[in-house]
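Colleague: The structure that follows is given in the form of structure tokens.
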Amino acid sequence: MTNETHDAALRSWVESANAAGCDFPVQNLPLAVFRRHGSGEPWRGGVAIGDQVLDLAAARGTGVFEGAASDAATLAGNPTLNGLMALGPRHWSALRLALSRLLRAGAPQAGALARCLVPQAEAEYTVPAQIGDYTDFYTSVHHATNIGRLFRPDNPLMPNFKWVPIGYHGRVSSIGVSGQRFHRPHGQVLSPGAAAPAFAACARLDYELELGIWVGPGNASGRPIPIAEAGQHVFGLCLLNDWSARDIQAWEYQPLGPFLSKNFATTVSPWIVTMEALEPYRLAWTRPAGDPQPLAYLDSAEDRAHGAIDVQLEAWLESEAMRAAAAGPCRLSHTSFRHAYWSIAQMVAHHAVGGCNLNPGDLLGSGTQSGPTAAEGGALIELTAGGRQPAALANGETRRFLEDGDTVILRGWCEKPGYVRIGFGECRGTVLPALD
Ligand code: CA
């Protein structure tokens, strides 16, 4: 499933891309929508290479692309990536191969393309597609069990979890790109022992460590996507923080799921790592013997062989005090998407099985990713046992839930012997005080 673009021996004429530990070597080539910071320039697509962005609108103008890659590059230069997402894997792959050859050390086009580079330090980003719909899944059995134990001690894991990839329809208007700043929300909260809820600012604000799944070509209404074809409908992955107001959630979530506890902000990373770039890091998808095996529409030999992806994920916190002391952020947890109970293909096939039409640029959240151990919790509510055991931060501060001024930073990367490490960059968001 890998090809010349994954070759670990490849190096780039953009020297910073060859540094050990760089998120954006020539083997990655993720896409974002960007412009020079504060410039008012048009938004357009770009590719990360080292510490630079290759401006795809400008690169296309140099005439370096041909055929399907040229068609893809034209749409990638637009202010949203929806058009590129709609093209499908043949065009995405042609663009990736062309970019890989153009950005390799020794490429004769290096001189022309060097003029199309913008330093990432001078760039700002926006949400990379016009998102029509946003669905957040719930694919970590560890997260579902941990949080279920806190909300329903007698019945932690709902019986449907092992049969259905559970999800809820999320809010699009409040999705922002990394750097998002939002006010602590107000809502109804039922305090322990209280007879009636109070209206108050959220006191149990949390983050959720997730991956975002960007949909490529859609399906016609009424036409399901067979699981064997699901991969052709997925463009790539980003980091996603599903900010959550736990006190509002506890009161409102049954029986229809989250509403105001989740609709005030969701942050995505600007860079979309394509599914082709992730090919080397795929793993067998397995279901423990004794658990229900997936129904036929959620099962395929291909998905069992390669359906899991080892994307390592981390959450970091930078408090106001850490910022003031220039101390740097402190790591809260580390886990991997390989632990997800449901695969990406299963999420897509399930979403569309009733005839729901997906569209290019739709966004699916993976659900909070928690690993099997307590230290691998993907949210504060798990790391602090529902706020009962404060988490110790590196500078001596503690946290039960997020405080005003806290910045949460999500990071992700893939690595495997024989391949070059690729990263997702950052997904960063900051909590502002509640409005009066
Ligand atoms: Ca979530």
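The values are calculated or read from the model by the stated rules, or taken from the named source; none is laboratory data. If you're wondering where the values come from, they're calculated on a predicted model, not measured in any experiment. FYI the Cβ positions are ideal-geometry reconstructions off the backbone, even for glycines, and counts take in every protein chain you see. Note: accessible area is taken over every heavy atom of the protein model, side chains too, but ligands, DNA and RNA are not part of it. Shrake-Rupley method; radii C 1.70, N 1.55, O 1.52, S 1.80 Å.
Colleague: Go through the stretch 263-284 residue by residue and tally those that are within 30 Å of Gly187 (Cβ to Cβ) and open to solvent by 20 Å² or more (accessible area, probe 1.4 Å).
Modeller: Residues meeting the conditions: 2.
Colleague: Could I ask something else about it? Of everything in the stretch 74-113 that's outside any helix (DSSP H, G or I) and polar (S, T, N, Q), which residue is surrounded by the most Cβ atoms within 10 Å (Cβ to Cβ)?
Modeller: That would be Thr80.
Colleague: I'm checking my understanding of the structure. Among residues of the stretch 128-158 that are surrounded by 16 or more Cβ atoms within 10 Å (Cβ to Cβ) and among the acidic types (Asp, Glu), which one is nearest to the ligand (Cβ to nearest atom)?
Modeller: Selected residue: Asp136.
Colleague: Answer with yes or no whether Gln109 is over 29 Å from Ile213 (Cβ atoms) and touching a residue at least 24 places away in the same chain (Cβ under 8 Å). Working first, answer last.
Modeller: On the way: over 29 Å from Ile213 (Cβ atoms): yes; touching a residue at least 24 places away in the same chain (Cβ under 8 Å): yes.
Criteria met by Gln109.
Colleague: Ok, one more. Check Ala121 against each of (1) in a helix (DSSP H, G or I); (2) touching a residue at least 24 places away in the same chain (Cβ under 8 Å); (3) surrounded by 16 or more Cβ atoms within 10 Å (Cβ to Cβ); (4) of a type in the set (Gly, Ala, Ser) and name the one condition it does not meet.
Modeller: (3)
Colleague: Considering only the stretch 124-180, state which residues are of a type in the set (D, E, K, R) and touching a residue at least 24 places away in the same chain (Cβ under 8 Å).
Modeller: Glu124, Asp133, Asp136, Lys162, Arg171
Yes/no matrix, rows are residues, columns are (1) within 22 Å of Ser269 (Cα to Cα); (2) outside the structural domain of Ala121 (by TED's automatic domain parsing); (3) not hydrophobic (A, V, I, L, M, F, W, C):
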{"residue": "Val53", "(1), (2), (3)": "yes, no, no"}
{"residue": "Val64", "(1), (2), (3)": "no, no, no"}
{"residue": "Leu75", "(1), (2), (3)": "yes, no, no"}
{"residue": "Arg90", "(1), (2), (3)": "no, no, yes"}
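Colleague: Taking interchain pairs and intrachain pairs at least six residues apart, which have beta carbon atoms under 8 angstrom, with the first residue in the stretch 206-228 and of a type in the set (Lys, Arg) and the second surrounded by 18 or more Cβ atoms within 10 Å (Cβ to Cβ)?
Modeller: Arg223/Ala352
Colleague: Could you grab me the full set of residues in the stretch 203-223 that are of a type in the set (A, V, I, L, M, F, W, C), assigned to a loop (DSSP other than H, G, I, E, B) and closer than 24 Å to Ser269 by Cα?
Modeller: Answer for the stretch 203-223, where residues must be of a type in the set (A, V, I, L, M, F, W, C), assigned to a loop (DSSP other than H, G, I, E, B) and closer than 24 Å to Ser269 by Cα: there is none.
Colleague: Regarding the stretch 224-237, can at least one residue be identified that is within 30 Å of Ile272 (Cα to Cα) and within 16 Å of the ligand (Cβ to nearest atom)?
Modeller: Looking for residues that are within 30 Å of Ile272 (Cα to Cα) and within 16 Å of the ligand (Cβ to nearest atom), one finds at least one in the stretch 224-237, hence yes.
Colleague: With in the same structural domain as Asp291 (by TED's automatic domain parsing) and hydrophobic (A, V, I, L, M, F, W, C) as the only criterion, which of Val172, Val118 stands out? Outline the logic, then answer.
Modeller: Working: Val118 fails: in the same structural domain as Asp291 (by TED's automatic domain parsing).
Testing whether each residue is in the same structural domain as Asp291 (by TED's automatic domain parsing) and hydrophobic (A, V, I, L, M, F, W, C) leaves just Val172.
Colleague: Can I ask one more? Test of understanding: among Ala327, Ala392, which residue is among the hydrophobic types (A, V, I, L, M, F, W, C) and either open to solvent by less than 30 Å² (accessible area, probe 1.4 Å) or in contact with a Ser or Thr (Cβ under 8 Å, 6 or more places away or on another chain) (or both)?
Modeller: Being among the hydrophobic types (A, V, I, L, M, F, W, C) and either open to solvent by less than 30 Å² (accessible area, probe 1.4 Å) or in contact with a Ser or Thr (Cβ under 8 Å, 6 or more places away or on another chain) (or both) holds for just one of Ala327, Ala392, which is Ala392.
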